[in-house]
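Notes to accompany the following structure.
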Number of protein chains: 2
Amino acid sequence: MSTTFAVLAMDPLTGARRGRLRTPHGEVDTPAFMPVGTQGTVKAMTPEELRELGTQILLGNTYHLYLRPGVEIIHRAGGLHQFMHWEGPILTDSGGFQVYSLQALRQVTEEGVTFQSHLDGSTHLFTPESVIAAQELLGADLIMCLDDVPGYPCSPKRAKEAMWRSLAWAERCRAAHRREDQALFGIVQGAFDRDLRLTSVARLVELDFPGYAIGGLSVGEPKAITWEVLAYTASALPADRPRYLMGVGWPEDIVHAVRLGVDLFDCVLPTRLGRTGTALTSQGRLNLRQAQYAEDLTPLDPACDCYTCRYYTRAYVRHLVKANEILGVRLLTYHNLAFYQRLMHRLQQHLEAGTFAEFAAQFPVPE
Amino acid sequence: MSTTFAVLAMDPLTGARRGRLRTPHGEVDTPAFMPVGTQGTVKAMTPEELRELGTQILLGNTYHLYLRPGVEIIHRAGGLHQFMHWEGPILTDSGGFQVYSLQALRQVTEEGVTFQSHLDGSTHLFTPESVIAAQELLGADLIMCLDDVPGYPCSPKRAKEAMWRSLAWAERCRAAHRREDQALFGIVQGAFDRDLRLTSVARLVELDFPGYAIGGLSVGEPKAITWEVLAYTASALPADRPRYLMGVGWPEDIVHAVRLGVDLFDCVLPTRLGRTGTALTSQGRLNLRQAQYAEDLTPLDPACDCYTCRYYTRAYVRHLVKANEILGVRLLTYHNLAFYQRLMHRLQQHLEAGTFAEFAAQFPVPE
C-alpha cells in the first residue's frame, strides 16, 4: 500500500489548501506540522505525548540515524517506527541538507557527496542510490531524494549546477526506489532564480513523483526572497500532489507558506526553544530566564489549555529552567509543540469553513 | 487534620512491619519508598508518571528549595504540593544533612548552623526555629527536626556533642512547631555508639514525636556497622510510630532495613542511576553505555512490565544514552523507579501474606 493525497478544500482568495495524506501508518491532515525527531526521538518527548498533542506525522533525519545508531540495527529492530515506538506516519529526509550544513566537511561530485561525520570525523559517501537504500532500511512512509543545496548567497553558476545535479540525482533516486509502501518525493531546487526553479519543477513533474518538497529556502536569504521564490515555485507544482516546505519555520512563516499553497512543514524551533527556556505564547515569546517571571504565578499562556498551562506557573517553569531540571525542558517543549499543533488545527478548520484569509490576516507576512 | 500511623501486620520472624500512614494529602502504604524531589521535581519525571508507578509520597529538600526558588514564593504559590503539582503526601527534610554535606562551607554552634550556599557562596543560618518556619511555608505533610550529623569516622567527643545538640534542637523544633496539619518527626542521632543511640531514642520518645527518623547512617561506615546500629536503634523505637531511615539505599539495603523494622525510605539512586545510563533489573545492573547492548533488541528487564520495558529495547535506550537524548534519561529513570516501587509493593504483599522472611531471604544482607 502506498501513500495517496487528496485536496479536501481550497481557499477561494489564496493558494491555501486543506488536504489529507493517507499513508501505510495512518492519515495526516494538512496543512501539517512535523516535529523533528533527529536522532530517533523528538527531543524530550514520548510518542504518547506527541500523539496527545495532535501530532500525526514525525520527521526523522537519515544523516543522523545513518551515523548513529546505524540504519542496519534500526532495520533489524523492525524499522524506525518500531525502534522509536511511533506507530504513525514518518517522513525521512535524504541527508542532503544535513550534509550541506557540514560546510567545510563535505565534497560534492556527480557521483554523490563525500562528508566527514560530525561525531568521529570518519569519511562517508552518500549517493542517490545509497540514501534510498538507507531510507528503505529505516522504512519511513515518505522518503526524499538526495539533493544538492546551493545556499545563499549563490552564484548563477552554482545555482544552475546544483539544480541540474539535484535533478540528475532525483532520476537516479527514482530508479533506485523499490519499496511500494514508501512514497518518494522529488525536491525542487534552483536557488533564487525563477527560470531555474520552474525548470526544476517541470522536469521533476515529468518524473511524476507522488509529492514534492521545496528545498534550498530558509538558508540565510531575506524573507522577501523566500516568499517570492516560494510563491512561483509552489503555484507551479501539480495541484493534486502534496507540497512540503523543508525546515520552515516560525508560526507566522507557516501561516504565510500555507497561504502560498504549502501542505507540510517541519522545524526544530518548538523543541529547540523549549530546551533554551523560551515559551511561544498568544502574547509573544517568553524567555523564562528573565527575572520578571520569578514570582509570576500565571500559566505560560493564559490562552493555552495544554498540560503545562493547566498545572504549572511561570514561576515554577522558570525555577526548573534556572535549576537545569529536565522537567523544565519537558514542560516547555510540550507547550511549544501544543502551540504549533493548535495553529495547524486552526488553519485546517478555517480552510474548511472558508474563513482562512480572514484568520491568516491576523498574522503579518514575516519580513 | 494531622498524620496517623497504624501497623497492619507484623512479620513473626523478623522486626518487619506492614503499616499505613494517613496524611492530610492521602495514605501511604508502608514499607514505602519516597522518590527524591530535591529541587521541587523528581528529576525527569512528571507527578502523573510518579503516580502511575505507584508512588504515594515524595521527599523534598528544604536546603535546596530555601536557596532556590525560595520558600516564600512556594508559599505564595499555595505550598510545595501546588507549586510542583503533586497532590499526594510530601516529606521535607530539615536541611541538616544537606548542610552537613557541604563540609568546609559550614559551621555548627548551639544556635544553629551557618553555611555558604553552593549556588552563590552567600552566607545563611539555619536554626531549629528557622527550619521549622521554612518547612511550614513549604507545607509538607511530614517535616523534620534540624539535626547535627557527625559523619564517619567520628570521635567519641564529636558523637556525644552531635547527639546532645540534635536533642536540644529537637526540643526547640518541637516548641517552634505550630501547624497541626504537619507531623514533626524527631531524628535519632548518636553516631555508632549504642549508649548514645539509646539515650537519643529515650529522650526523643519523651518528647512524644508522631514519627522518628534514624539519621547519621550511610555516611561512609562499613555496612556491618550500619546494620548493627540500625538493629538496636529501630527496635528501641516505639512500635506504634513510623520509622524513617534517611537516605537509604540500594534495593537490598531496603529489604534488610525492612527486616529490622523500618517503614520509610528515600534515596537518589533510582533517579541518579537513570541519568548516568544504568538500569536496575532482575538480572542485575546494566550499564547501557556498554557496547554489548548496541544490537540487543530485548527489553531492559524481561521480568518488568513498565512502560519502558513494554515498548523499548536495550539497543534503543542505549542509542538515546549515547546520543545524550533526554528521553533516554526519562525511560531509565521511569524504569528504575518502577523497579523500586515494585519491590516495595512485593514487600507489602509478603508482609500481609506472612511470607516476608522467605521472600527477604532471596536478598543477601549487603556487606
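Quick check on my filter: what residues within region B:256-285 are over 26 Å from B:Ala183 (Cα atoms), surrounded by 23 or more Cβ atoms within 10 Å (Cβ to Cβ) and aliphatic (A, V, I, L, M)?
B:Ala279, B:Leu280
Based on what the data block shows, is B:Leu59 closer than 21 Å to A:His319 by Cα and out of contact with any helix residue (DSSP H, G or I) (no Cβ under 8 Å at 6 or more places or on another chain)?
Yes: the conditions hold for B:Leu59.
Do we find that A:Ala279 is touching a residue at least 40 places away in the same chain (Cβ under 8 Å) and assigned to a helix (DSSP H, G or I) in this structure?
Answer is no for this residue.
Taking region B:183-210 as the region of interest, how many residues are under 20 Å from B:Phe97 (Cα atoms), in contact with a strand residue (DSSP E or B) (Cβ under 7 Å, 6 or more places away or on another chain) and outside any helix (DSSP H, G or I)?
7
Within region B:14-26, track down each residue that is part of a strand (DSSP E or B) and touching a residue at least 24 places away in the same chain (Cβ under 8 Å).
B:Arg17, B:Arg18, B:Gly19, B:Leu21, B:Thr23, B:Gly26, listed by residue number.
Looking for whichever is modelled with pLDDT of 95 or more, under 23 Å from A:Gly15 (Cα atoms) and surrounded by fewer than 17 Cβ atoms within 10 Å (Cβ to Cβ) here; the options are A:Tyr244, A:Tyr232. Which one fits?
A:Tyr232
Which residues, counting only those in region A:150-162, are of a type in the set (A, V, I, L, M) and surrounded by fewer than 24 Cβ atoms within 10 Å (Cβ to Cβ)?
Result: A:Ala159, single match.
Given the conditions (1) touching a Cys at 6+ places or on another chain (Cβ under 6 Å); (2) farther than 27 Å from A:Leu13 by Cβ, and given that A:Arg285 satisfies all but one, which numbered condition is not satisfied?
For A:Arg285, the failing item is (1).
How many of the residues in region B:97-122 are part of a loop (DSSP other than H, G, I, E, B) and either within 14 Å of chain A (Cβ to nearest Cβ) or β-branched (Val, Ile, Thr) (or both)?
5
Note down all Cβ pairs under 6 Å where the first residue falls in region B:58-80 and is over 25 Å from B:Leu264 (Cβ atoms), the second is buried (at least 24 other Cβ atoms within 10 Å of the Cβ), and they're at least six residues apart or on different chains.
Between residues of region B:58-80 that are over 25 Å from B:Leu264 (Cβ atoms) and residues that are buried (at least 24 other Cβ atoms within 10 Å of the Cβ), the close pairs are B:Pro69/A:His319; B:Ala77/B:Phe83.
Mind counting the residues in region A:151-180 that are under 25 Å from A:Phe192 (Cβ atoms), free of Cβ contacts under 8 Å to residues at least 40 places away in the same chain and among the basic types (Lys, Arg)?
Total satisfying the criteria: 3.
For the structure I just gave you, tell me whether A:Thr55 is among the polar types (S, T, N, Q), touching a residue at least 24 places away in the same chain (Cβ under 8 Å) and away from chain B (no Cβ under 14 Å).
So A:Thr55 passes the test.
Please work out if A:Glu110 is more than 23 Å from the chain's Cα centre (by Cα) and at pLDDT 95 or above.
yes
Quick one: count up the residues across region A:27-54 that are more than 22 Å from A:Ser2 (Cβ to Cβ) and assigned to a loop (DSSP other than H, G, I, E, B).
So the count comes out to 12.
Please determine, by comparing only the residues of region A:211-248 that are part of a loop (DSSP other than H, G, I, E, B) and of a type in the set (A, V, I, L, M), which one is nearest to A:Thr271 (Cα to Cα).
A:Val248
Taking region B:74-96, which residues are in a helix (DSSP H, G or I) and surrounded by fewer than 21 Cβ atoms within 10 Å (Cβ to Cβ)?
B:His75, B:Arg76, B:Gln82 - these are the residues of region B:74-96 that are in a helix (DSSP H, G or I) and surrounded by fewer than 21 Cβ atoms within 10 Å (Cβ to Cβ).
(1) touching a strand residue (DSSP E or B) at 6+ places or on another chain (Cβ under 6 Å); (2) assigned to a helix (DSSP H, G or I); (3) aromatic (Phe, Trp, Tyr): which one isn't true of B:Trp164, the others all being true?
It fails just one condition, (1).
If you go through region B:37-47 one residue at a time, do you hit one that is touching a strand residue (DSSP E or B) at 6+ places or on another chain (Cβ under 8 Å), surrounded by fewer than 20 Cβ atoms within 10 Å (Cβ to Cβ) and within 14 Å of chain A (Cβ to nearest Cβ)?
Yes; the residues of region B:37-47 include at least one that is touching a strand residue (DSSP E or B) at 6+ places or on another chain (Cβ under 8 Å), surrounded by fewer than 20 Cβ atoms within 10 Å (Cβ to Cβ) and within 14 Å of chain A (Cβ to nearest Cβ).
Are any of the residues in region A:101-120 touching a residue at least 24 places away in the same chain (Cβ under 8 Å) and among the aromatic types (Phe, Trp, Tyr)?
Looking for residues that are touching a residue at least 24 places away in the same chain (Cβ under 8 Å) and among the aromatic types (Phe, Trp, Tyr), one finds none in region A:101-120, hence no.
So, A:Thr355, is that one of a type in the set (Ser, Thr, Tyr) and touching a residue at least 24 places away in the same chain (Cβ under 8 Å) or not?
Criteria not met by A:Thr355.
Please determine whether any residue of region B:16-35 is within 14 Å of chain A (Cβ to nearest Cβ) and modelled with pLDDT of 95 or more.
Looking for residues that are within 14 Å of chain A (Cβ to nearest Cβ) and modelled with pLDDT of 95 or more, one finds at least one in region B:16-35, hence yes.
Given the condition within 13 Å of chain A (Cβ to nearest Cβ), at pLDDT 95 or above and under 30 Å from B:Phe185 (Cα atoms), answer yes or no: does some residue in region B:258-271 qualify?
Among the residues of region B:258-271, at least one is within 13 Å of chain A (Cβ to nearest Cβ), at pLDDT 95 or above and under 30 Å from B:Phe185 (Cα atoms), which makes the answer yes.
Among helices (runs of 4 or more DSSP H) lying entirely in region B:283-360, which contain 1 or more residues that are under 22 Å from A:Leu327 (Cβ atoms) and away from chain A (no Cβ under 12 Å)?
B:326-353
The values are calculated or read from the model by the stated rules, or taken from the named source; none is laboratory data. For clarity, every value in this text was computed on a predicted model and none was experimentally measured. We place every Cβ from the backbone using ideal geometry, glycine too, and count neighbours over all the protein chains shown.
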